[in-house]
1. Just give me the residues in segment B:131-154 being hydrophobic (A, V, I, L, M, F, W, C), crowded, with 23+ Cβ neighbours inside 10 Å, over 18 Å from the mean Cα position of the chain (by Cα) and within 29 Å of B:THR425 (Cα to Cα), in sequence order.
2. I'm checking my understanding of the structure. Among residues of segment B:521-578 that are basic (Lys, Arg) and away from every other protein chain (no Cβ under 11 Å), which one is surrounded by the fewest Cβ atoms within 10 Å (Cβ to Cβ)?
3. Please determine, by comparing only the residues of segment D:146-185 that are out of contact with any Leu (no Cβ under 8 Å at 6 or more places or on another chain) and hydrophobic (A, V, I, L, M, F, W, C), which one is nearest to D:ALA91 (Cα to Cα).
4. What about A:ARG85, is it over 12 Å from the mean Cα position of the chain (by Cα), at pLDDT below 95 and open to solvent by 50 Å² or more (accessible area, probe 1.4 Å)?
5. Which condition breaks for A:PRO188 when tested against (1) crowded, with 19+ Cβ neighbours inside 10 Å; (2) over 20 Å from C:VAL24 (Cβ atoms); (3) modelled with pLDDT of 90 or more; (4) away from chain B (no Cβ under 12 Å)?
6. Please go through segment B:149-172 and pick out each residue that is in a helix (DSSP H, G or I) and more than 14 Å from B:LEU100 (Cα to Cα).
7. Mind checking which pairs have a first residue in segment C:66-91 that is free of Cβ contacts under 8 Å to residues at least 60 places away in the same chain and a second that is hydroxyl-bearing (Ser, Thr, Tyr) and open to solvent by less than 20 Å² (accessible area, probe 1.4 Å), Cβ under 8 Å, 6 or more apart or different chains?
8. Considering only residues that are assigned to a helix (DSSP H, G or I), more than 13 Å from chain B (Cβ to nearest Cβ) and open to solvent by less than 80 Å² (accessible area, probe 1.4 Å), which ones fall in segment A:114-129?
Amino acid sequence: MQREATHAVAPAVPVPAAKLGMWWFLASEIVTFGGIIVAYLVFRLAHPQWLEEAAHLSVPIATFNTLVLLTSSLTMVLAFAAVDRGDERRVATWLALTVALGLVFVLVKAYEWRHEIAAGRVPGESGFWGFYYGMTGLHALHVLGGVVVNACLLIAALRRRLEPIAHRVEMAGLYWHFVDIVWIFLFPLLYLSTH
Amino acid sequence: MSETSGPQAAHAVHPAPQGFVRRYLFSTDHKVIAKQYLAIALFWAVVGGLSAFLIRWQLAWPGEPVIGSGLLPEAFWDGDSWLAQSLQYGSIPAEFYNKLFTMHGTIMVFFVAMPLLLGALGNFLIPLMVGARDMAFPRLNMLSVWTLAVASVILLISFFVPGGAAASGWTAYPPLSAVPELSEVNWGQNLWLIAVALEFASFLMGGINFLTTTVNLRAPGLSLFRLPIMVWFQCIAAVLFMLSVGPLIAGAVMLLLDRLAGTSFFIPSGGGEPLLWQHLFWFFGHPEVYVIMIPGMAAALEILPVFSRKPLFGYRLIVYATFAAGFLSFIVWAHHMFQSGMDPRLAMPFSITTILISVPFALMVFAMIATLWGGVIRFPTPMLFALGVLGVFIMGGLSGIFNGSAPADIYIHDTYFVVAHFHYTLFAATFFGGFAAIYYWFPKMFGRMLNDTLGKIHFWWTFIAFNATFLPMHLVGLGGMMRRIANPLNYDFLQPLQPLNVWISISAFVLMLGQLVFVVNFFWSLVAGRRAEANPWQANTLEWSTASPPPHHNFDTIPTVYRGPYEYSPPGVAEDWLPQHRPLVGGPAATA
Amino acid sequence: MEAHAHPNYVAIWVWLLILALFSVMITAVPMPHPLMVTVVFVVAAVKAILVALYYMHLRFEQLLIYSLALAPLICLAVLLLVLLPDIVYHP
Amino acid sequence: MLRWLPESVSTFSGDIDALIRLIYYTVGAWFVLTFAVILIFLVRYRYRPGRRAVYLPGNTLAQSAWVLVPGLVVLLLDIGIDIYGERVWEAVKLHQPPAAVQVRVTGKQFAWEVLYPGPDGRFGTADDRQLNGELHVPVHQVVHVTLGAEDVIHSFFLPHLRLKQDALPGRQLTVWFEATVPGTYPLVCAELCGTGHTGMFGRLIVHTPEDYQAWVKAQWPSS
């Protein structure tokens, strides 16, 4: 039997709605990226010959891009820390760095794509290249989306309007780190484990 | 997502927006959004119903010109209008037939059932039932309904592009759906994929609201186990949808790349794997069935206690059983693939989980029956439809055992037995559940009562015609008739079944005709129905504690909740109901 | 904002870089392929966990957020388990 | 209801019918039981003035037993159906007896191509013969059918033999059957395969031993 109670029953420390919504979005992103990664995994295991095709990819370039993205996660989280301290100038600096690193990642990726396509390795070439372009393309779109969001926050920060964007920096950060994590897995899936 | 600087934000009173556009088109009010979903669902129900009409016409009288087509002049049929091209002098060619059942399935599942049961019911009821002023993210809510509207327009356009609408079934199995030459459909299938993917995006956005509103915006005193079943089930449905749809979104992108970018994810000649799509589709597809069914069941579970004047039997048991069913729904999907060429050793494990899933649903049915025991049962229209859900769902659940058993499925798979089965379950949820909900919450939604006599006529007409349509379909299936064939008369062994097919078609037409009663009742009551008081059914849940229809801000003061939602005929209280928000004056605190 | 103190983000970043470079270099070391793959993916998982726990603050979140992050992974594991026999090892 | 099933003419079709019958009687009993209970409750507890409903939330274990015990019965029946089903599935799809006759059937839009190995019993030799839409087999002999598809997924469906298996492009799958009654039966496609799906069918001709010899003689006169 339920006893009558009038006290509020919200959890002791309520989960902010925006954070809950963001994590819901990220969960749906996890299953989406996860779906295509699972598909790639089973195909890769079923086709040992993809090993040779994957060997065409440039590990040094991808390593560079990995370092770029990992570093951008650091700058993003430092922006969040600066928000917590109320340090407006630093927020703008870190956000600007994040945006720049995100753009570097996309440009390097575009260079890679151009190189592969010039060598005749187009999506229809084989299953591997279908997955390569599908997965990196979907990921690059997510990076671009993050760059746009971060750029908007940067503009707001430059205008010294920290108050309204304070928790948005945290949310954008969650998204940005998620995109980073996806790359952390795409890197070994596509580039490493080839030899 | 700036509208949420704290749980209290949505409890702030905002003035109602003025002007038609802000008020009815780009509204952030969950009640208006619910009505928009309802309108979309009803529009598509008409299109889906028309396609069902043509399907049944063709199956009863293959090749005969559709009734009424003779009224149009010969010159019209010689012309190159869309209709003249689709129907050949009024009769239905096989390629158009394939489009019809493809779009019928797509429309009914994605554009009728989900907008009606989640979009309209979830949006309307969750904030009212938890005592909130609106959803947690009102603007996201608006975005979700408009995304669905865009998806609807794209799906509608797909009928009219060259080559016509998609024709590879609502399951879109590749390679048929992956190579335009194989299905003779080009942009129709591309648009289909885009529309369905947008629809998924729409309901993902909706789901954020369902969960966040329930977690953060509950009225004081409304603990989780005082939530109405409807809120529980909507949230479980939203979570099931979110967790299962991702791989299919990925699959839809891959299929679109196969069609447009020359990849071969699903095309075997290029090294692809057609079975992968089936796995991705059904990994989503089975939870999706419950996404639709659970809110339909919830409508019945809300209504049964009210008109039995009894507490819902085993409230917690029902919630736990639904969790169990939701969990199991992730490990049963391969039962759609027993004969697909998947590893046959997988069949028995999936058969076992499938048949096990009958246990939680059986518990739910038994709890519904136990709720009736010892009650004081009245039979207004919502109660009739709720009992309809119960009865039809029992039938659908029982026939599911045949399909779930892998060896029996060898014979039954892809026959009309399957068609009969999923119409018993999904029709039960969508139409009986949906109508129960509409008759029950119409006064809250529109401030007027639906006519009860017309409602009863509508119920009995629907119930009888429904069973006359779908019960014989089991027999046709046992007779061996395959799904998705345009002409059963082509097959000698199906000839003896033809009288049954004619009977099914006539019953289906009667069923469709019966819905006119509802249409008349709906629109007539909208303008001339009896005005509804705040709580016409003497129900306990919070939505009845405010005016009918509720003001823009839902509650003048946020109610405080003292007990669970189903305290009917509690001991020590003179009336046979005790609303959630009414304090017991001077009574012992432990009664509820 | 958060009540907890911010962890040392730079130290975690250094760890991430070291792990990334380690996983690249390990591929040059001669060893059985399965072992190499295992090491590479364990390293990737460690990096992902570091990012999720500290940069995304999962360490400081409540059960609800945790389950939103974990439930999809369980679902994906189930999907993978069924696809393996069917797509990879089918007769 | 079950008399609508087509005639049953293979060694395992009886088992599948028996399983369908078992499920039918099991769920039939539940159907009658639940609907009887519902109707009795609806009539017995209909509204009459002055009566008050029983307050029964079903929260305690003793009350829950009223639904848990029937739920347990459902569980036991489920397990029974699964155990019975496992044997049938094993016999039809998992365990294949050695073949006496082998054929290859390939689905394409919109016909079944049947390839016979000829007297030497091997495919890929000069005496292979292809017949469209005609599957000739001897009665009481185990037939192995290797299924494939050229373009899209088709489904090899022999209703009278209770055999169904999708034919996948890019994969070869083998099913078996042993027909028990000579005659001509439909061979149809049960998976949507395009505009001509509804016209995609052939025949299964089950010959008596003498007939089968005569048919072989007519097809391969030189041997």
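The values are calculated or read from the model by the stated rules, or taken from the named source; none is laboratory data. Predicted model only: the values in this text are computed from it and were never measured. Using ideal geometry, Cβ is built from the backbone for each residue, glycine included, and neighbour counts are taken over all protein chains shown. Ligands, DNA and RNA are stripped out before the accessible areas are found, and what is left, the full protein with its side chains, is counted by its heavy atoms. Shrake-Rupley method; radii C 1.70, N 1.55, O 1.52, S 1.80 Å.
1. Answer for segment B:131-154, where residues must be hydrophobic (A, V, I, L, M, F, W, C), crowded, with 23+ Cβ neighbours inside 10 Å, over 18 Å from the mean Cα position of the chain (by Cα) and within 29 Å of B:THR425 (Cα to Cα): there is none.
2. Of the residues in segment B:521-578, the ones basic (Lys, Arg) are B:530-531, B:563.
Subsequent filtering for residues that are away from every other protein chain (no Cβ under 11 Å) retains B:530-531.
Working: B:ARG530: 13, B:ARG531: 10.
The selected residue is B:ARG531.
3. By that ranking, first place goes to D:TRP176.
4. On the way: over 12 Å from the mean Cα position of the chain (by Cα): yes; at pLDDT below 95: yes; open to solvent by 50 Å² or more (accessible area, probe 1.4 Å): yes.
In short, yes.
5. With (1) crowded, with 19+ Cβ neighbours inside 10 Å; (2) over 20 Å from C:VAL24 (Cβ atoms); (3) modelled with pLDDT of 90 or more; (4) away from chain B (no Cβ under 12 Å) applied to A:PRO188, the lone miss is (2).
6. B:ALA149, B:VAL150, B:ALA151, B:SER152, B:VAL153, B:ILE154, B:ILE157
7. C:PRO72/A:SER28; C:CYS75/B:SER244
8. Of segment A:114-129, the ones assigned to a helix (DSSP H, G or I) are A:114-118, A:123-125, A:127-129.
Filter once more, keeping what is more than 13 Å from chain B (Cβ to nearest Cβ): A:114-116, A:118.
The answer is A:GLU116, and nothing else.
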